[in-house]
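Single-structure report; data block below.
The values are calculated or read from the model by the stated rules, or taken from the named source; none is laboratory data. Being a predicted model, the structure only gives us computed values, none of them experimental. Here the Cβ positions follow ideal geometry from the backbone for every residue, glycine too, while neighbour counts run over all protein chains shown. Surface areas here come from the heavy atoms of the whole protein model, side chains and all, with no ligands, DNA or RNA. Shrake-Rupley method; radii C 1.70, N 1.55, O 1.52, S 1.80 Å.
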Amino acid sequence: MSLDAEKLEIVKLTAPVLKEHSTEIGKHFYELLFARVPELRNVFNQTNQKRGLQQEALVYSVYAAGENIDSLENIEQLVERIAEKHVSLGVKPEQYPIVGEALIQAVEDILGESATDEVIEAWRAAYDYIANLFIEIEQKKYHEREQQEGGWTGFREFIVTEKIQETDDVVSFCLKPKDGKPIAPHKAGQYLTIKANIEGEPFTHMRQYSLSGPSGKGFYKISVKREKGNGNVPDGIVSNYLHDRVTEGDTLEFSVPAGDFIITSEKEPIVLLSGGIGLTPVVSMLDTIAEKAPDRPVTFIHATQNSSAHAMKEHIERMVAEHSNISSFVCYESPSEEDRLSQNYDREGYVDLQWLQSILSCGNEADFYCCGPAPFMKAVDQGLKEWGVSSAKRHYELFNPVSILKEA
Ligand SMILES: Cc1cc2nc3c(=O)[nH]c(=O)nc-3n(C[C@H](O)[C@H](O)[C@H](O)COP(=O)(O)OP(=O)(O)OC[C@H]3O[C@@H](n4cnc5c(N)ncnc54)[C@H](O)[C@@H]3O)c2cc1C
Ligand code: HEM
């Protein structure tokens with residue numbers, strides 16, 4: 001399938017206009033979508049909807065694809081990330097036309113007269129083109145995952161075999177398949193998607209949790225931070241459910257490991273940088289390197305509030321003690337009195353380029369894998385760019401929809 005030259009030109013010319021209105025179009029698109037297909041509320045994150053996060057992400061990426069319609073390789077990474085997410089959620093080919101109709105209708109309604117028939121027709125064709133690309137990539141992924149040893153499609157039941165309190169706010173869950181059969185190994189950095197059926201909730205809730213343990217051991221491990229609300233903001237739905245209501249022996253449903261935040265190089269020194277609960281995918285990377293590449297130099301840098309919020313501290317210390325290729329640095333934003341007395345951290349405040357340059361003997365030649373909250377990622381990204389680390393060597397995972405990347 002291809003787009004004719006005239007439509008291609010219209011799409012490229014109008015993409016910036018549509019992008020400018022992506023927030024309004026996104027909001028209206030989801031209103032239309034949920035009015036037409038209410039059961040899709042079980043699939044889309046309803047908290048992201050309330051916060052307006054996902055609304056922008058999907059629409060924004062359609063326009064980004066429109067801008068690059070004749071050179072989609074420019075947004076290959078974005079396409080890969082979205083396709084992995086879709087596969088983890090079980091998005092089906094037949095849902096694309098439904099989403100497309102609502103999207104085009106939203107463009108027509110919001111742009112009014114400036115959306116001429118030619119513009120609408122061009123975007124309809126562009127959407128079909130992009131949708132076909134996603135469908136093709138996603139079908140291939142579904143097939144691969146089903147075929148792989150221990151793989152599956154859809155959601156599979158797992159028993160919580162162990163619930164470990166890591167800190168006041170972080171709990172880990174070890175998960176074994178209820179059917180007792182093998183489970184697909186994950187690539188370090190990937191996540192599981194949970195489909196949570198919570199009593200009293202009108203919808204099912206899907207959330208991603210990075211695998212925080214080693215691969216190929218016959219069980220999965222995830223570590224979940226409790227997302228607290230405040231007076232005006234409700235508590236996070238799934239994290240609080242997992243903390244308060246799920247106990248050892250309970251059954252949870254997950255799709256097969258997915259995600260494109262994975263180690264892609266083999267020999268270069270590697271720097272694993274995390275903030276807060278962002279440590280989960282990089283701990284799995286650390287465990288994997290320790291086991292599979294014991295000669296590869298790896299630096300583990302973790303930033304968090306202080307020792308009371310420092311999850312998996314003992315595990316990292318043990319890894320450093322047992323493996324000569326691993327070194328670790330800790331940055332506490334506000335150390336406690338006890339932390340100050342024991343000097344159990346390397347830096348107070350925030351991670352910045354000057355500090356990174358002072359501790360990284362490998363210089364900027366390393367591969368950097370980073371995961372943390374938006375302000376942390378913004379600071380790290382700016383610093384690494386300034387240091388001349390090429391984009392191919394900067395790898396990021398975000399626990400929010402991709403539109404956040406615009407700000408991070
Ligand atoms: C690839 C990926 C990997 C991830 N890995 C991990 C991991 O390893 N560990 C982990 O703990 N998390 C991880 N996450 C985050 C996780 O998926 C959830 O987003 C997180 O647990 C919060 O979900 P929740 O249902 O508890 O909160 P939600 O109900 O989704 O709420 C999210 C936040 O919004 C606030 N909120 C609720 N309603 C509103 C409102 N109306 N207005 C404003 N704010 C509101 C809540 O208080 C909360 O802080 C990952 C996310 C992704 C995308
Ligand atoms: C060409 C069409 C589409 C594009 C460009 C697109 C784009 C995106 C983007 C950018 C994200 C955010 C990814 C992230 O968080 O990392 C996303 C997530 C998602 N997409 Fe799509 N998407 C498309 C079609 C669909 C279809 C057909 C469905 C089916 C119902 C779907 C369902 C979802 C869901 C459920 C999420 C997770 C977000 C949430 O739960 O709020 N998407 N998509």
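Restricted to the range 201-237, and to residues there that are farther than 14 Å from residue 399 by Cα and within 16 Å of ligand 2 (Cβ to nearest atom), the residue that is most open to solvent (accessible area, probe 1.4 Å) is 202. For residue 99, indicate whether it is hydrophobic (A, V, I, L, M, F, W, C), within 30 Å of residue 186 (Cβ to Cβ), in a helix (DSSP H, G or I) and touching an Asp or Glu at 6+ places or on another chain (Cβ under 8 Å). No; evaluated as a whole, the condition is false for this residue.
When the range 164-196 is limited to residues that are within 16 Å of ligand 2 (Cβ to nearest atom), open to solvent by less than 10 Å² (accessible area, probe 1.4 Å) and touching a residue at least 60 places away in the same chain (Cβ under 8 Å), the one that is nearest to residue 151 (Cα to Cα) turns out to be 192. In the range 65-81, of all residues being open to solvent by less than 30 Å² (accessible area, probe 1.4 Å) and closer than 17 Å to residue 260 by Cα, the one that is farthest from the chain's Cα centre (by Cα) corresponds to 75.
Remark: pairs (first residue in the range 53-75, closer than 18 Å to residue 399 by Cα; second residue not in a helix (DSSP H, G or I); Cβ separation under 7 Å; 6+ apart in sequence or on different chains) = 53/400; 53/401; 54/44; 54/45; 54/401; 57/401. Among the numbered conditions (1) part of a loop (DSSP other than H, G, I, E, B); (2) of a type in the set (Val, Ile, Thr); (3) modelled with pLDDT under 85, the only one that residue 91 does not meet is (3).
Report, by residue number, each residue of the range 53-75 that is of a type in the set (D, E, K, R) and more than 16 Å from ligand 1 (Cβ to nearest atom).
Correct list: 67, 70, 73.
Here residue 301 clears all of (1) more than 20 Å from the chain's Cα centre (by Cα); (2) modelled with pLDDT of 95 or more; (3) over 16 Å from residue 175 (Cβ atoms) except the condition numbered (1).
Checking the stated criteria, residue 55 turns out not to satisfy the condition of being modelled with pLDDT of 85 or more and buried (at least 16 other Cβ atoms within 10 Å of the Cβ).
Taking residue 299 as the residue in question, decide whether it is of a type in the set (Ser, Thr, Tyr), surrounded by fewer than 24 Cβ atoms within 10 Å (Cβ to Cβ) and touching a helix residue (DSSP H, G or I) at 6+ places or on another chain (Cβ under 8 Å). Here the answer is yes, as residue 299 does meet what is asked.
Scanning the range 91-120 for residues that are open to solvent by less than 30 Å² (accessible area, probe 1.4 Å) and in contact (Cβ under 8 Å) with a residue 24 or more places away in the chain returns 91, 96, 99, 100, 102, 103, 106, 107, 111, 119.
Reported count of residues in the range 82-95, each being more than 12 Å from the chain's Cα centre (by Cα), near ligand 2 (Cβ under 6 Å from one of its atoms) and hydrophobic (A, V, I, L, M, F, W, C), is 2.
The rows are residues; the columns are (1) of a type in the set (Gly, Ala, Ser); (2) away from ligand 2 (no atom under 11 Å from the Cβ); (3) over 20 Å from the mean Cα position of the chain (by Cα).
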residue: 59; (1), (2), (3): no, no, no
residue: 63; (1), (2), (3): no, no, yes
residue: 113; (1), (2), (3): no, yes, yes
residue: 128; (1), (2), (3): no, no, yes
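All conditions but one from (1) away from ligand 1 (no atom under 16 Å from the Cβ); (2) more than 23 Å from the chain's Cα centre (by Cα) apply to residue 168; the one that does not is (1). Of all the criteria given as (1) of a type outside the set (Phe, Trp, Tyr); (2) more than 17 Å from residue 272 (Cβ to Cβ); (3) within 16 Å of ligand 2 (Cβ to nearest atom); (4) touching a residue at least 60 places away in the same chain (Cβ under 8 Å), the one not satisfied by residue 373 is (2). The conditions of being open to solvent by less than 30 Å² (accessible area, probe 1.4 Å), away from ligand 2 (no atom under 15 Å from the Cβ) and free of Cβ contacts under 8 Å to residues at least 40 places away in the same chain are met by residue 240. The condition (being touching a Phe, Trp or Tyr at 6+ places or on another chain (Cβ under 7 Å), in a loop (DSSP other than H, G, I, E, B), modelled with pLDDT of 95 or more and not basic (Lys, Arg)) is satisfied by just one residue among 282, 256: 256.
In the range 27-52, the qualifying residues are those that are modelled with pLDDT under 90 and open to solvent by less than 40 Å² (accessible area, probe 1.4 Å), and the one that is farthest from ligand 2 (Cβ to nearest atom) is 52. Screening the range 121-163 for residues that are of a type in the set (A, V, I, L, M), buried (at least 16 other Cβ atoms within 10 Å of the Cβ) and touching a residue at least 40 places away in the same chain (Cβ under 8 Å) and picking the one that is nearest to residue 94 (Cα to Cα) gives 135.
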